[in-house]
Every structure is written in structure tokens, then in C-alpha cells.
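Notes follow the structure.
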Amino acid sequence: MLLKNEKLQAWLEKAKSALNLFTHKKTVKSARITYQVVWNLFLLILTVVIIGGSFGAGVGAGYFASLVKDEPVRSYESMKKDIYNYTETSELYFSNNVYLGKLRTDLEREEVTVDQVSKDLINAVVATEDEYFYKHNGVVPKAVFRAVFQEVSNSSVQTGGSTLTQQLIKNQILTNEVSFQRKANEILLALRLEKFFDKKEILEAYLNVSTFGRNSSGRNIAGVQTAAKGIFGKKASELNLAQSAFIAGLPQSPFGYTPFTREGTIKNNLEPGLSRMKTVLKRMFDGGYINQKQYADASAYDITKDFIAPVANPLERYPWLTVEIEKRAIETMTTVLAQKDGYTEKDLKNDDNLYYKYKTLANHNLHQNGYEIHTTIDKDIYDVMQQVKDNYKYYGADKPQEVEDPETGEKKTIMEPVEVGAELIENKTGKIISFVAGRDYNKQQLNHATSAYRPNASTMKPLLVYGPAIELGKAAPGTPLPNVELYLDPSRNKPWPRNYSGGYSGLVSARYALAKSYNVPAVKLYKDIVDQQPAKYLEKMGFTSLIKPDYTNLSAAIGSLEKGVTIEENTNAFSTFANNGKFIDAYLIDKIVDKNGKIIYQHEVKPVDVFKPQTAYITLDMMRDVVKMGTASGINSKLNFKSDWAGKTGTGNEYTDSWFVATNPNVTFGIWTGYDTPKSLQSKGVLSYSQRTNNLWAELMNAAYKIRPDLVAPKESFTMPEGIVKRSYCAVSGMLPSSACSKAGLIESDYFNVKDVPTKIDDSLIEGKFVTIGGKRYLALDSTPNEFAQFGLILNPDFITRMVGKNFKNTRQLIPERDRWGKILVPDAKMVDNGKKPDSVRLTASGNRLTWSAASDNDIVGYRVYQGNVFSTKVASVINGSSLSYNAGNGVYYVTAVDIAGNESAPSNLVEVGAAIPAPEKTETPVTTP
């Protein structure tokens, strides 16, 4: 007890001492000073924080205001229209207001009210996508501050954390553009949306707008009702908890979590979607929407047994057409919307972000604003062409092709069919009347008429070679061109190009070369004009895929472009000739009308001058021969009607492409066949690849003729414009006829632009003599003995050089193997006198047959045989190249050699044949000259 009192006493002493410390004057004064310092510092810091915060808030508010200054103040009606207009897509029409249907979309959607949706699904969506949905006013403040901070601090942009309201704004009103301006507009509109609409309305719109991957048939889906039916075969109101959680998890990554492939099969790996479902269930549990037992039961639920099998999808009748209309309508609306805001088409081409912005807006408008999209397609012609295409039996054989499975990456072999693409265009307007896009949309969605780029082969010749050459005054239908073995590409060590028909035919007119589709003449002519960049004419005629090498490569003359050309562009270009040289761009979208009947777009025809009318007509007239007697001569017998057709066939390298394009005064129709993976079209069968293509062209035109004979078979023919004359010319040179050309029977007549009629007299033929030496022909000299020369019409060597160059060796190849050319002789080269007498030869006899050795000189034109010794008589002249022999009678003989200049060698040795005969009574001097 005493010990305790002592301890207590000690504690009290310490306390008293401490109390004295606080009551000591110096201590109290020191504490007061410390307190004042600390308090003032606190006030200062608080003031700085308040002022800094106010300043920061002001800066943030000001910056936010600058971002949204251009965003219009939207009314309730405007926002209601945008938010709820997710099902009002545009309507499509054939020509003449014939209804086609709704705008095709990749997204299937069935509208549903929020009262028709399972409570579990609603809770799952809210718990997963926006846990504060029922508490916020459209945005979560901390997300706004974070966005401002990221911009001010220049940190990386993060777009997560959007509320359901913001997501709805982004999907229905704004674009997916990643920028702070778009984010600021999104926040502003979200706040405004929450002011106008209650949570139930916003949630209902979100449930109908969101995308959910694919259904069991592989089609893209949006809206919870479509998702419930397409994945589980139930209405949205009938879903259980696990099914609700699975669907609610899909919007974060629709195609990553969807259980179905594009082909409508179950994915090999379902784990991402199943894990996402469990994440959704966990958030529902954490948010108090479900209890522990519900969470456990749903997490253990086997959702995979509920996935339904693919549902039969009725084949859409116009899949290629609706896709093409949508693509072109979006492009059209992109320009319309941009121009409305003051931008030009050039601005869109030069600014990818600008183009993307307006293209996205155009897509939204077309799917939400209920436009009428009117096209140029004639329904009846389109339908009948598809029937002909489907029933045609002569495409050729399917061929094996190795491909990679897009899902597994494994290689497999498929049988690839011959594909087809065709398009019919009205010349004067550019309207696309009809097209054939392919064989089977379910197997190949590529539109071969409008989107497949292929080499256009020889159909290029009138577009890039003959048309431009005529325009430039470098050719006319009668212009002679060499169809011989030429080396036109120095990089190749063999003759190029080759003719598909094989062999060569000598000098041919441009008209004939085009009709028979010879490659060599076309490339030779193109080489003569390539420096003037004839590819610029292709630009004017709508070729969009040209790149720099296409302007200089000689192979472009026969259709070998780097990228190729579409059937539409190729066909459209041919219509230029039918339009008197003016290009009229083909189009499919005629007009777009809004719901109030106002036309917001109307196509306007804008002709582009390409060729003079004279050039267009002359080229057309040349292409008439393609159909009359050329590579498409079988067409007329296949058609059920007559018309003034002019066209061109084309065969790709190694027979990989087959083309035929033809035009008449009303329409132009082009067709292509080939494999998607280029391979030879040649196959066993009665018909060749070109016959199969041409016959299909004819069947399609016959079908169109039954529907619209007035359009397809106009009664009138192409009208020749003024400024064209028909004149005679020499077929050898294309110049005015000479007397030599007249004697050869090679005067022809054809059309010329009056400004390009030839003015020079033909100099290609020489009337004279030639000799044969060593199997080759040479022009004779004036002193060449006539006894060894041949007389006739000779092809001038200077002309040969102009035509094929100095190094061309096989000059005889220039003469066509046709009767009327048989009078013309072609010298192989010029022979120059070597300036000395020939060496003598050695003569022998066998019986009465004389033979002698050939003279060593290379300019020997022949040999003379003399009888007699001192006094002799010439008994024979033997042309060089003949047999060096002579059947002699009895007597003494010798032989001399004669060169091209007429110089005669010394006599050979004497040879006696049979019994010697007396010398003649008259004395003669040995003959040494002719």
C-alpha cells in the first residue's frame, strides 16, 4: 500500500511539473507564436488551393466551351428523332419508281420495349455497362475531369468510362471519331438527353441500339430481342439469369464474345464469351442484383447447350444489287453532306479524316432518315440477265485452287468455278441499265462487274492505241503496220510481243490488225506515240486505277496494267466512241429523296471531251470489222436481232481473262469471264474460251432485247460526222498511190480525217531489178548484167528501215502471204561492189556434164559458160544459187564468174567434152563482158 502511494505521488509531481511548463510565460508565448504561424500557413495553402482550383475549373470550363461551341443546340424533337430512329432505313427503287425494298444492312434488329425485356437482362446491362446509371445525370463527373486532365497534360487519350447515355449519343448522333471535340460534344448531348428523357426511355433505346455479334446463322445482330432470338431462340422477356448475363456481356466485344462464326457454326473456342458471362454475374452480385445462390447457380450453368442451330435464311433475291446501291448511295451522300458544309470533292480526297467523318454521317443518315433511293436499274432486264447467267451451261470446267481456311489457317483445296461479270450502259446518259455481278453470291460476294480489277487485254487497243493514234494524226484505218517478228522490248532476249494466233502475217492495215487482234502491230504503233502519253485519254475515260508505270510500259497497249480495270470502267470507256468522242460517266444512283418529298440529290450528266467526233467514228468503223470478219465474227449469228455493233475482244496473258465489249448507237455492253485466282480458261470441249464468252454475251443481249427492243436494238446506225473523207492510198505505205503501187494492184481506199489525208506519193515500191546471192536478194546495180537479174516491183530498203528499223533481218516476213502481194520482191539487204574482179573457178567434166567450183567472192551474181578455145562463144548464163553445172555438147569449154558490178573473172581451166570439133571459120575474140 505504501508502495502504491509513492508511485502515485511521483506521478502527481510529474504532472504538476508539466502543468507549470504550459503555464510558464515563455512557454505560453512560444506556443502562441507557433499557433499563429501554423494557422496562417493553413489559410495561405487553403487560399492557394481555392484560387488554383477555381482557376483550373475556369480553364477547364473554358476549354470545354471551346470544344462544343460549334455543336448546335438540339431540341427535344430533334434528339427524339435521332435516338429512336434506329429502324427507319431508306427505301430502294429500280428505275421508273419500281419498288425494290429496304436498304440492305449487315445488322439485323427487331425493336422491343423495355417492358418486354427480362428484368435479369436489364440488371445485367446496368451492372456491367453503367453501375451509376440510375444516379448520374448523363455523365460521371470524375470521367469528365479525367478527360480534361488528359487533354491539358497531353496524356494519352482514353475513351473508357462512358455512361449508357453517352454510348447512346455516340451510336445514334455522333461518330466513332476519337477526339476530345467529339467527346466534349458527347458529354454535352448526354446531359441534354437526360434533361429531356427519363431513365426508362434511355435504357430502352440503348437496348435496341447495341450490337451483339452474330446469330446462329452468322448474320450480324443488334438489339436485345434479336440477340435473344438469334442466340437462344427465345424472346428477350424469356431469358434466364445465365442467358441474360451472356447477352449483357456481348457489347464490350461483340465479335470476340459471340459464340458463332460468320459461316453460322459454333466457334472452336468459347472461353472468352463464357468468362465474360461470369464477369457480368460477379458485377450483378457485387451490385446487389442477385444473391449468393443465384450467382453460384448461374455461374455453374452450362450455357452452351442453349445455343441454337442455324435458322434457314431465305435467299435474298438481290444481294449484289442492294449492296451496290448502298455503297454508291453512301458515296453520294458523303459528297452531298460535305458540300452542304462548304467542302468540295477535292477536299474529301485530300483529307482522310474529313472523308471518314462525312462517310460515317452519310451511313447514319441513309439508315436513319428514311430516304427514297432511286436507281437506274431496269428491273425486268436485271431479272432476266440473272436467269440467263444462272442457266448458262458453257462457262468451262471448275479448276482446283488451294486456299487458307480463315478460321483455322489450314490449307485446303477447293474447286474454283469460272466467274462472270457484265454491265449494260446507256450511252447518252451513262445510266447503268443492268449488270451481272457473279455466279453465286453465297460462294463469292465480290461484284465482278463493278469492283473486280483485271487486265483488260486486247480490249485496250482501241482505247489506248488506235483511238489516240488517230486523234494524234499518227494513224488511219489504212495505215500499214508490221506484223512481223520484232524485239520491241530491249529487256527481253526474245521476240516480243507474240500474237495469240501464232505466226506473223506481214504488213497489215491498222483496220485489219485491230479486227484480227494482232499484238505486234498494236505495240509497234503504241511505241511510236507513247512519248505523247496516250494514257491521259484513259484518265478522261474514267480509268481510276492508273499508276505511273502504266503511262510508259509498252505492255499496257495490250491491256497489261499494273492493277487492272473494272468491267464497268472498261465498258464505260467504249461508250465514249458512241458518244461522238465525249465520255459520260456511268452512274447507278439517279436521285435521293427525303421523307418530305424533297430531292436532296439528282444526278447530272457532265460530258468530258476525249476525242474529236471524227476520231470516234473512224475508230468505231474499224471496230465494226471486229464483229463483221474479225475475232467476234460469230456474234451476229447468235443474236436474234440486227444492230450496228462495233466492239473488241480480249484475251489475257496465258488465257486468264476473256473479254468482249461492244457498242451500238444506244447502249454499250461488256462482259468478262475468268477465274478469281487467275488461271487458264482453256479446257476440253467443243467451244473455245472466247466462244463461251461471246456466246454468253449474245444470250444476255437477246434476253435484254425481249424486254426492251427499243433500247437494245435501235433502228438507226452510227452517223458519220463532217470532216471525214474516203481516199485512195497505197496499201504498202499508206501514202498516195504511185504508178508502182498501181502495177502491184495494191491501191485501196478508206476513211481519213480530212485534216490527215496523206499528201506524199508512195515511195515504198521500186520498179527495177534485183539479184540473188547466197539465197538472199539484193538490189541490182546499174552495171549489173541483166542476164543475172530479175525484174519486178521491189520493196524499198529505205521504207523497210522506216517500218521496222535497221537491225531487222527477216525482211521477207514483211510480205503477206496473199495473192495480190505476190508481185512484190523484198531485198534482204544492199550489196556493195568490192572493187575487184572475181577470182576464177575450177571446171571439171563428167561425161557431157560440166561442173565448177563456186567463186570465193561474196558478190557473185552468176557464171558464164563459153565454148571454144582461143575463139569462144558464150553458150549459157547460170544465176548464182542455181546448180553450178551445165550439160554440154562435144567441144572445149571454160567458165567465168561475174559479180554484181558486172566484173568478170579470168577464164577457168579448159575442159574437153567428147570428140574435139574444128574451130569455127570466123575468128572471134574471147568474150569477157556481157
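Filtered by the rule that a residue be out of contact with any strand residue (DSSP E or B) (no Cβ under 8 Å at 6 or more places or on another chain) and more than 22 Å from residue 487 (Cα to Cα), the range 530-546 gives 535, 536, 537, 538, 539, 544, 546. Kindly indicate whether any position in the range 619-632 is on the phi < 0 side of the Ramachandran plot and surrounded by fewer than 18 Cβ atoms within 10 Å (Cβ to Cβ). Yes: the range 619-632 contains one or more residues that are on the phi < 0 side of the Ramachandran plot and surrounded by fewer than 18 Cβ atoms within 10 Å (Cβ to Cβ).
If the condition is being within 36 Å of the chain's Cα centre (by Cα), farther than 14 Å from residue 110 by Cα and touching a residue at least 60 places away in the same chain (Cβ under 8 Å), then the range 200-240 contributes 216, 217, 218. Taking the criterion of being among the acidic types (Asp, Glu) and buried (at least 18 other Cβ atoms within 10 Å of the Cβ), the only residue of the range 424-452 that qualifies is 426.
Condition check ((1) touching a Lys or Arg at 6+ places or on another chain (Cβ under 8 Å); (2) within 30 Å of residue 675 (Cβ to Cβ); (3) basic (Lys, Arg)) across all residues:
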| residue | (1), (2), (3) |
| --- | --- |
| 465 | no, yes, no |
| 470 | no, no, no |
| 473 | yes, no, no |
| 479 | no, no, no |
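With respect to residue 704, is the statement that it is under 21 Å from residue 465 (Cα atoms) and either surrounded by 16 or more Cβ atoms within 10 Å (Cβ to Cβ) or not hydrophobic (A, V, I, L, M, F, W, C) (or both) true? So residue 704 fails the test. Against the conditions (1) over 24 Å from residue 379 (Cβ atoms); (2) out of contact with any Lys or Arg (no Cβ under 8 Å at 6 or more places or on another chain); (3) not in a loop (DSSP other than H, G, I, E, B), residue 625 satisfies every one except (2). Taken over the range 836-894, residues that are closer than 18 Å to residue 789 by Cβ and outside any strand (DSSP E or B) amount to 6. Taking the range 821-845 as the range and being farther than 20 Å from residue 899 by Cβ and either under 60 Å from the mean Cα position of the chain (by Cα) or of a type in the set (Lys, Arg) (or both) as the test, the residues that pass are 821, 822, 823, 824, 825, 826.
Here the condition is being at positive phi and either part of a loop (DSSP other than H, G, I, E, B) or assigned by TED's automatic domain parsing to the domain that holds residue 428 (or both); of 699, 654, it holds for 654 alone.
Total residues in the range 488-517 satisfying the condition of being under 27 Å from residue 825 (Cβ atoms) and without any contact (Cβ under 8 Å) to a residue 12 or more places away in the chain: the figure is 3. Residues that are acidic (Asp, Glu) and crowded, with 20+ Cβ neighbours inside 10 Å within the range 103-137 comprise 120, 129, 130, listed in sequence order.
Within the range 530-551, residues that are over 21 Å from residue 574 (Cβ atoms) and assigned by TED's automatic domain parsing to the domain that holds residue 567 have Cβ atoms under 7 Å from residues that are part of a loop (DSSP other than H, G, I, E, B) and of a type in the set (D, E, K, R) in these pairs: 547/562; 547/563; 549/562, counting only partners at least 6 apart in sequence or on another chain. Take the conditions (1) more than 25 Å from residue 498 (Cβ to Cβ); (2) crowded, with 23+ Cβ neighbours inside 10 Å; (3) basic (Lys, Arg); residue 648 misses just one of them, which is (1).
Here is a yes/no grid of residues against (1) surrounded by fewer than 18 Cβ atoms within 10 Å (Cβ to Cβ); (2) β-branched (Val, Ile, Thr); (3) part of a loop (DSSP other than H, G, I, E, B):
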| position | (1), (2), (3) |
| --- | --- |
| 294 | yes, no, no |
| 322 | no, yes, no |
| 342 | yes, no, yes |
| 346 | yes, no, no |
| 390 | yes, no, no |
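I'd like the full set of residues that are modelled with pLDDT under 80 and outside any strand (DSSP E or B), limited to the range 104-138. Let's see the steps before the verdict.
Residues of the range 104-138 that are modelled with pLDDT under 80, as a first pass: 104-111, 137-138.
Once the filter is applied, which keeps residues that are modelled with pLDDT under 80 and outside any strand (DSSP E or B), the range 104-138 yields 104, 105, 106, 110, 111, 137, 138.
Within the range 479-529, restricting attention to residues that are out of contact with any strand residue (DSSP E or B) (no Cβ under 7 Å at 6 or more places or on another chain) and of a type in the set (Val, Ile, Thr), the residue that is surrounded by the fewest Cβ atoms within 10 Å (Cβ to Cβ) is 529. Here 405, 351, 398, 380 are screened, and the one residue that is over 30 Å from residue 268 (Cβ atoms) and either assigned by TED's automatic domain parsing to the domain that holds residue 598 or free of Cβ contacts under 8 Å to residues at least 40 places away in the same chain (or both) is 351. When you look at residue 304, is it within 47 Å of the chain's Cα centre (by Cα), surrounded by fewer than 15 Cβ atoms within 10 Å (Cβ to Cβ) and among the polar types (S, T, N, Q), yes or no? Answer is yes for this residue.
The values are calculated or read from the model by the stated rules, or taken from the named source; none is laboratory data. If you're wondering where the values come from, they're calculated on a predicted model, not measured in any experiment. FYI the Cβ positions are ideal-geometry reconstructions off the backbone, even for glycines, and counts take in every protein chain you see.
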